Amino acid sequence: MKVINTEMAPGAIGPYSQAFEVNGVIYTSGQIPVDPKDGMVPEGITAQAEQSCKNVKAILESADSKMEKVFKTTCFLSDMDDFAAFNEVYANYFLSKPARSCVAVKTLPKGVLCEIEAIALK
């Protein structure tokens, strides 16, 4: 197992790693829309989905993988009314249309509107 860590995505806010590589597969932790440079969370679901996708992308690239190699995601939304807007952004990043679960949750860390985790080949 290899720990994946990059300064191009926000650092873990708890006792976990940004990602792990195991036997050529990358497993990311859930990525919330925190800008790694200034720690800011953008307003609105569109901007938050964009930042979450950028964070997943940065982690995958640091592990010598890429978005096209993602084969499974799990997405968490704090409000299913944001589903369509979230999908518009998501579709621009996950072009290979990986298998996906998308669920509504009561709350997410830092009060954000979405979180994305991914599994990809190296």
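Bear in mind these aren't lab numbers, they're just calculated from the coordinates by the rules spelled out. Because the structure is a prediction, the values reported are computed rather than measured.
Data table
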| read-out | value |
| --- | --- |
| For the chain, built as a Gaussian network whose Cα springs stay under 10 Å, the top-fluctuating residue of P42, P98, P15 | P15 |
| The chain: angle of helix 45-62 to the longest principal axis, Cα-based, in degrees nearest 10 | 0 degrees |
| Cα pair distances in segment 64-114, grouped into 5 Å bins until the bin that holds the longest one, percent each | 5, 20, 27, 23, 16, 9, 2 |
| Helix 83-93 vs. the chain, principal-axis angle (Cα, 0 to 90°, nearest 10) | 30 degrees |
| Per principal axis, descending, Cα span of the chain in whole Å | 38, 30, 22 |
| Cα-based Lys pair tally, the chain, threshold under 14 Å, eight or more apart or on separate chains | 13 |
